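Comments concern the structure below.
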Amino acid sequence: MSLTITCPICGKRNGYEFRYGGQDKGPRPEEDGLTPEKWAEYVHLNENTGGIQKEWWFHRSGCGLWFTILRDTQTNQEIK
Amino acid sequence: MNRLTHLPTLRIQPSKALSLTYNKKRLTGVEGDSVATALYANGIRIFSRSVKYHRPRGLYSLDGESSNCFMAVDGVPNTRTCTTLLKDGMTVNPQNVIGTPEHDWLFFLDYFGWAMPAGFYHRHFHRPYVLWPTFRKWIRKAAGFGNVSKNWEGGIYDELHLNTDVTVIGGGPAGMSAALAAANQGLRIVLIEGRPWLGGFFEYSPEPYTLDIPRYERARELAREIEKHPNIRWFCHTYLMGLYGNHQITAFQKGGEKDYFDERYIEVRSQSVVVATGCIERPLIFEHNERPGVMQVGCAHRLARTYGLLPGTKAVFSVGHDQGLEAALDLHQLGLKIPAVADIRFDGQNPDLVDRLNKSEIRYMRGWVAGKVYGHHQTSKITLRSTEGTREESYDCDVVVASAGHTPVSGPLIMAQAKLRFDLHTGFFLPHRLPGNVHPAGRLWGLTDPHAIECSGMMAGLKAAADCGAADDNRLKDLKEKLKELPGPERGTKLAISPGKPGKQFVCFDEDVTVKNIYQACDMGFDVPELNKRFTAAGTGPGQWGIPGHNLPLVISKYHADSTIPPMPTTIRPPMAPTLMATYAGKRHNIFKRTPAHEWQEKAHAIFRRVGVWKRARYFSKDYSCKTEIETVHQAVGIIDVSTLGKFRLFGPDALKALQRVYIGDMSTVKKGRVKYSAMCNDDGCLIDDGVVTLTAENDYYFTTSTGRAGTTVEWIRYHTRYDGWNFHLVNLTDAYGAINLAGPKARKVLSELTDDDLSNEAFPFTGYREMTLAGKIPARVMRLGFVGELSFEMHVSSSMTGYLWKCLMEAGKPFGIRPFGLEAQNVLRMQKGHVIIGQESEIRTTLHDLGMGGLWYKKPESKTVGAVALKQTKHQKDRLKLVGFKMVEPSDPKRAPKDGSIIVNDTIRGHVCTARYSFILNEAIGLALVEDKYAGIGTQLEIFEDGSDHQRLHAQVVKPPFYDIEGHRIRM
Amino acid sequence: MFGKYKRLWKKSRLKSSYDAVIIGGGLHGISTAYFLAKNYGMTDVAILEKRYIGFGGAGRNTAIVRANQRTKENLRLYDEGLKLWPKLMQELDFNMLFFNCGNLNLAHSEAGMSALRLQVASAQFHGIQSELVNAKQCKELVPVLDISDRLAFPIFGGMYHPPGGTLRPESVLWGIAKGASQKGVQIHQETEVKSLEIKNNKVVSVKTGDGKKIHTPRVLNAAGGYSALIANMAGIRLPVDVLPIQAMVSQPLKPFLDHVVSSGVYHAYANQSLKGEVVTGSHMDPWPGYTTQVTARYIKHQAEALTELMPCLRGVKFMRTWGGLADMTPDMAPIIDGNHPIDGFYIDCGWGYFGFKSAPVTGKYMAKFMATGKCPEILKPFTMKRFAQHRLSGETASPVNYGPWN
């Protein structure tokens, strides 16, 4: 479904202008002592939330900013 | 056929004749006709044959809800003739018949309906299995409506992308009232209407709007207001295709005589949407309810009122709503003989209408309904039955006007994800949960009173205005009060099926699905509408929901005979009206970028290929081995346009930190005057990009990426630093700079012609970086690189200068035998050096170690470099595919390279050839391959299996790349 | 002549315990149940489906089958899968409308041809019919193709794979459901699983939406697009992104397209169903979500792509478009695990858009897995462990562009 996303700089825009960057998992983990399993968890595993999720977006056809929004994955609506 | 020519409601010009060819016969229609009405006027009654049983089908509705009226019009199969405006000279042909619709040789299939129960093709034809292909061929031939026209060109397909405040879907009284109400709040409105004119169900009705104004006059009054309102853009003959999230709609407009387009794709984004799509009729289900001559109320009425055609001579009505009674009265007035009007309802009628019917000496029968139609090809008689099925009466007639009730066109609401629920009073599926900023209005709610409809429309318009920040709460409140005093929604009939045999009672015309089929499917466990629809195919034909949509859940509900299970509607999916792909596609969309040196290469007879968004020169002659191009680089000097390389400036206090995060090497060693070759990996340690980096000033870096990564590098670097809050700036200079690479032993001599700078190997060694002015006026960044394995200078200059530089170099190089070379020559040259191209020598499971490039990785855990963890964890991992070099050996022809993509095998597949070519300079066939590490040892014999080789194997031996100039002297010359 | 209209799958009362519970009434779940009953005599099996069977991908896919994959791991599985269809039709006495019309994958560049050659050579090595064809041969196979250089990406040639083709997706589901039910498997529609009970790292029971507890030592998560949500109930996160994908059909036409045609460059594929509709699919919305609502974007894209490849389609009308969910993994290969990390909890998901063609054959081996507790060789490459080991599958050559990042 068509999605609109509110960019902090450019305002509410067509979702296809943006690039999805995954759920917000926090900063990159420290390398020391990182087991393969913990690494895979950070890199590949997702919660796949069915509901509201905090996630990263990049305004590709716009200002070039990475930012987070809240979106309901069940309705595909941005949550203000 | 004689037309009624003096009705004020006519939309035809009876005096303006248009010609058409139907089934090779020349016929005449008039301006304003639809194709279907023109045919009807010429006495055509059988329009098509049904898809399964080849039953004759005629005009049933005039709004394109079923495939009954499908014909091939001007080469377009499956055209809804009832909604297609007649144009002079049209060619119309029937489809899916052997013979003509009147005499179809496949008519006998109708007698085998018993052999085609619900889902019959799942239960038969597969035993014995050997016969299945034969049956399948037969099924394929039988299925489908029209034939595609292989050489159809079509006309002009326009596109319109609009932004507005409010979109109003539907140009009837509710929609027009909504549009005016919202427009008067100062908002911009887009209004779309399917029919070629505004007016909706008022448009042809002579019933009074007020005492002295008939409804059709009111429709024209509203239309005039719409047409002159500066805030409203209105589109007639425009069909809604989809209503999507965030109030986006798509629609297509059919071009009329005066339009420059044939069809036009319209996409509108708005703040709020009013859905005023009104109602269509719910078909009455009885025996042979689709026999030609049986038609809906609106069809019969509009044939007369809009097109001046009486539907026949003698008509029996079987209806369930007042609009049916109104039509009967009016058509009677206009000269149609009406022996009887059966009304499903026992009570609830407008007493005035009943009174008028009685006065007109039309037999009016309460609690009666059509039972069965007789007539081989066309209706000749009808049997009416009392709704409980105990009494019968028959009438001769050539037309049966039948309609069980109304059904709201709620498709747009369903597409907008509204939740619908069965409403006992109206018998409609009404929205009980609406998405935000979507406002249904008018007859959709079951309203039939003209003033209530307009009032509901105005309210919707004001609510939509409120969504756009232009609320008028007081007026909205007043309207709410007013609506309360007006008549509410009409009580709808719930009757699903008239008493009679279920075998020839059709629920879905497009797919020939009868009540019996629905029941059979229910028996088999498909007892919810969505499953039943899939099993019986009811509602999956071109008309989608139009004919069976409302009845299917009612019939299933009847099957269950359990009033605690409410009927559930099935889903409606876009496009609401079948839409030409030509219309969706619009104009051709061949969008690509040309490099700033494109024209110069074109002049040099380059053969271009699309590479991502670019067009790039792949060859400069039809010799695809590129012998001359390659030899020129080895022996003299070649020139190649590498402008598509990604080019970036990264600067600021934290620039180095950002580089350390994404580059696998130690970027703190990058210094002025030198380029450093390095690579980027993804988190899996897979090589995704390589290029060179140099320092141009303090904390100011310039770097290149591969062509494919130019578009994503900014987001990549910013993504991987998004939590860090570092202070750096990143500028994509890819389009700002062109780049030309000069390669070959005479490259220095050529470049010296353009500059006085010292280009000697001592002053400007391999991996050196210099900024200089070329040809006296071109500021250039020049670097010594070695991708193709010969002495090479790469020049990055502003795009506007690139073409000029190309010209200067070509002129300067002439005495040295300069030639342009393309991507294929570059491909061979770099392969000889063992240099990889990402995606060609690597897969997503290939790490930097697998490519033998692990040496580029520098451990710097504090940088949290992307890919470093995976590189650490896979460094000593076994059982991986490794990149190796190989050469062809006896008994194979050592000069014949295997084709790229051939596989390396023994008992099983062990790897594949990435790139392999005959090397002119080495006079042997060499290549790069990914093989399991067990087979990657130098000297290992490889067997190569090429497609189509009939299990003959080629033989190769693993050797260590590079193949050419192993010490690298030539790039350091 | 046609007998009674008996229910294809019986109605039954939900019991309080089963030998195995399968979550998801889609193709993978029902196939597994069928083979559990047929091959291992395990008939005390319940399939729990939140909506109705085939609500998910099973009823929304475009039912293309083929065995011309890129890696040998996949080739083995899909080859066996392809050969299973005729057998199943006879075994289940249900016509699934298998149409082995052959698939033609188009290439639009030299590199594209090389990529296809790898697939063709691999298939031929395994004795699977597949060949490279040039542009002219493509046109002979599909006369409506435009092989001129008017295209943005002119057709260079293609990979023709005769044994592939299409089926009718729902009929496959109904047929296997019928077979499973006949063998005693219970199918419970409108039965949602709300939670899983795990004790001592072992599956004990599942709880349904209306609060019923069902004891079982084995649970299979075959919930397709929703399997990540089921896995979350067991505290397992999956390397999956769930993306909405769209497909559409044209109005029914007389036969003119005899093969499945696809083009990776144009992100489009099309074939003509036995009913005459041109069935075509497009790529995914590039963000995850659980809504199956469609967008205006893809049907337009699809028309642009198809009318360029096959200009006569300009005069053909789209009739219907719909959306479904694709559970995509980072390497386009599925996730199959069992007893790891939880005993008795089996996972069969991550098929992305390969779920249909893989279903019966995977069901067959999944049944073996569940009956014996040991993973069959053929499914071993698909363990989730491969991600932590940095051993992605090579089914796709270049990094996929969905998911958080690549």
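The values are calculated or read from the model by the stated rules, or taken from the named source; none is laboratory data. Since the structure is predicted, the reported quantities are computational estimates derived from the model, not experimental observations. Cβ: placed from backbone, ideal geometry, glycine included. Neighbour counts: every protein chain shown. The protein model used for the area step is the full one, side chains on, heavy atoms only, and it has no ligands, DNA or RNA in it. Shrake-Rupley method; radii C 1.70, N 1.55, O 1.52, S 1.80 Å.
Tabulated data for the structure shown
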{"quantity": "Number of the condition not met by residue A:65 [criteria: (1) within 12 Å of chain C (Cβ to nearest Cβ); (2) surrounded by fewer than 19 Cβ atoms within 10 Å (Cβ to Cβ)]", "calculated": "(1)"}
{"quantity": "Unique match (being touching a residue at least 40 places away in the same chain (Cβ under 8 Å), in a loop (DSSP other than H, G, I, E, B) and either more than 29 Å from residue C:397 (Cβ to Cβ) or more than 42 Å from the chain's Cα centre (by Cα) (or both)) among B:759, B:742, B:754", "calculated": "B:754"}
{"quantity": "Residue match in the range B:831-845 (condition: in contact (Cβ under 8 Å) with a residue 24 or more places away in the chain, assigned to a helix (DSSP H, G or I) and open to solvent by less than 30 Å² (accessible area, probe 1.4 Å))", "calculated": "yes"}
{"quantity": "Cβ pairs under 6 Å, 6+ apart, first in the range B:29-42 and in contact (Cβ under 8 Å) with a residue 40 or more places away in the chain and surrounded by 24 or more Cβ atoms within 10 Å (Cβ to Cβ), second in a helix (DSSP H, G or I) and not aliphatic (A, V, I, L, M)", "calculated": "B:34/B:82; B:35/B:81; B:36/B:69; B:36/B:81; B:36/B:82"}
{"quantity": "Long-range neighbours under 8 Å by Cβ, at least six apart or interchain, first residue on the phi > 0 side of the Ramachandran plot and assigned to a strand (DSSP E or B) within the range B:361-372, second open to solvent by 10 Å² or more (accessible area, probe 1.4 Å) and not aromatic (Phe, Trp, Tyr)", "calculated": "none"}
{"quantity": "Residue within the range C:42-57 that is out of contact with any strand residue (DSSP E or B) (no Cβ under 9 Å at 6 or more places or on another chain) and in a helix (DSSP H, G or I) present", "calculated": "no"}
{"quantity": "Strands (runs of 3 or more DSSP E) contained entirely in the range C:193-290, each with at least 2 residues that are open to solvent by less than 10 Å² (accessible area, probe 1.4 Å) and within 30 Å of residue C:153 (Cβ to Cβ)", "calculated": "C:241-250, C:260-263, C:268-272, C:278-284"}
{"quantity": "Where a residue in the range B:802-818 is under 15 Å from residue B:638 (Cβ atoms) and its partner, wherever it lies, is open to solvent by less than 40 Å² (accessible area, probe 1.4 Å) and of a type in the set (Asp, Glu), with Cβ under 9 Å and at least six apart", "calculated": "B:806/B:641"}
{"quantity": "Extreme residue, farthest from residue C:217 (Cα to Cα), among residues of the range C:12-41 that are in a loop (DSSP other than H, G, I, E, B) and within 15 Å of the chain's Cα centre (by Cα)", "calculated": "C:26"}
{"quantity": "Options B:200, B:175, B:119: the member that is in contact (Cβ under 8 Å) with a residue 12 or more places away in the chain, surrounded by 17 or more Cβ atoms within 10 Å (Cβ to Cβ) and facing chain C (nearest Cβ under 10 Å)", "calculated": "B:119"}
{"quantity": "Which numbered condition residue B:620 fails, given (1) buried (at least 22 other Cβ atoms within 10 Å of the Cβ); (2) within 12 Å of another protein chain (Cβ to nearest Cβ); (3) aromatic (Phe, Trp, Tyr)", "calculated": "(2)"}
{"quantity": "For residue B:491: the one exception among (1) open to solvent by less than 40 Å² (accessible area, probe 1.4 Å); (2) out of contact with any helix residue (DSSP H, G or I) (no Cβ under 9 Å at 6 or more places or on another chain)", "calculated": "(1)"}
{"quantity": "Residue identified as facing chain B (nearest Cβ under 8 Å) and either among the acidic types (Asp, Glu) or within 21 Å of the chain's Cα centre (by Cα) (or both) among C:333, C:397", "calculated": "C:397"}
{"quantity": "Residue match in the range B:399-414 (condition: of a type in the set (Val, Ile, Thr), in contact (Cβ under 8 Å) with a residue 40 or more places away in the chain, open to solvent by 40 Å² or more (accessible area, probe 1.4 Å) and outside any strand (DSSP E or B))", "calculated": "no"}
{"quantity": "Yes/no for residue C:122 being crowded, with 20+ Cβ neighbours inside 10 Å, at pLDDT 95 or above and either of a type in the set (Phe, Trp, Tyr) or not assigned by TED's automatic domain parsing to the domain that holds residue C:233 (or both)", "calculated": "yes"}
{"quantity": "Condition check for residue B:134: modelled with pLDDT of 95 or more and more than 9 Å from every other protein chain (Cβ to nearest Cβ)", "calculated": "no"}
{"quantity": "So residue B:251, is it closer than 30 Å to residue A:76 by Cβ, small (Gly, Ala, Ser) and crowded, with 24+ Cβ neighbours inside 10 Å", "calculated": "yes"}
{"quantity": "Residue in the range C:150-172 that is of a type outside the set (Lys, Arg), surrounded by fewer than 19 Cβ atoms within 10 Å (Cβ to Cβ) and over 24 Å from the mean Cα position of the chain (by Cα) present", "calculated": "yes"}
{"quantity": "Scope the range A:1-32; condition within 22 Å of residue B:245 (Cα to Cα), more than 9 Å from chain C (Cβ to nearest Cβ) and assigned to a loop (DSSP other than H, G, I, E, B); matching residues", "calculated": "A:8, A:10"}
{"quantity": "Candidates B:374, B:395 - the one that is open to solvent by 50 Å² or more (accessible area, probe 1.4 Å) and not assigned by TED's automatic domain parsing to the domain that holds residue B:201", "calculated": "B:374"}
{"quantity": "Where residue B:813 falls short, out of the listed (1) open to solvent by less than 30 Å² (accessible area, probe 1.4 Å); (2) under 43 Å from the mean Cα position of the chain (by Cα)", "calculated": "(2)"}
{"quantity": "Residue check for residue B:879: in contact with a Lys or Arg (Cβ under 7 Å, 6 or more places away or on another chain) and within 13 Å of another protein chain (Cβ to nearest Cβ)", "calculated": "no"}
{"quantity": "Filter result for the condition that a residue is open to solvent by 10 Å² or more (accessible area, probe 1.4 Å) and either more than 14 Å from chain B (Cβ to nearest Cβ) or touching a residue at least 12 places away in the same chain (Cβ under 8 Å) (or both), over C:64, C:30, C:47", "calculated": "C:64"}
{"quantity": "Verdict on residue B:316 being touching a Leu at 6+ places or on another chain (Cβ under 8 Å), buried (at least 21 other Cβ atoms within 10 Å of the Cβ) and within 14 Å of chain A (Cβ to nearest Cβ)", "calculated": "no"}
{"quantity": "Boolean, residue B:593 is more than 11 Å from chain C (Cβ to nearest Cβ) and either under 30 Å from residue B:805 (Cβ atoms) or modelled with pLDDT of 95 or more (or both)", "calculated": "yes"}
{"quantity": "In the range C:109-146, the residues that are within 11 Å of chain B (Cβ to nearest Cβ), part of a helix (DSSP H, G or I) and among the charged types (D, E, K, R)", "calculated": "C:110, C:117"}
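Let's see how each residue does on (1) among the charged types (D, E, K, R); (2) open to solvent by 30 Å² or more (accessible area, probe 1.4 Å); (3) within 10 Å of another protein chain (Cβ to nearest Cβ); (4) farther than 21 Å from residue C:124 by Cα:
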position: B:859; (1), (2), (3), (4): yes, yes, yes, yes
position: B:863; (1), (2), (3), (4): no, no, yes, yes
position: B:873; (1), (2), (3), (4): no, yes, yes, yes
position: B:891; (1), (2), (3), (4): no, yes, no, yes
position: B:902; (1), (2), (3), (4): no, no, yes, no
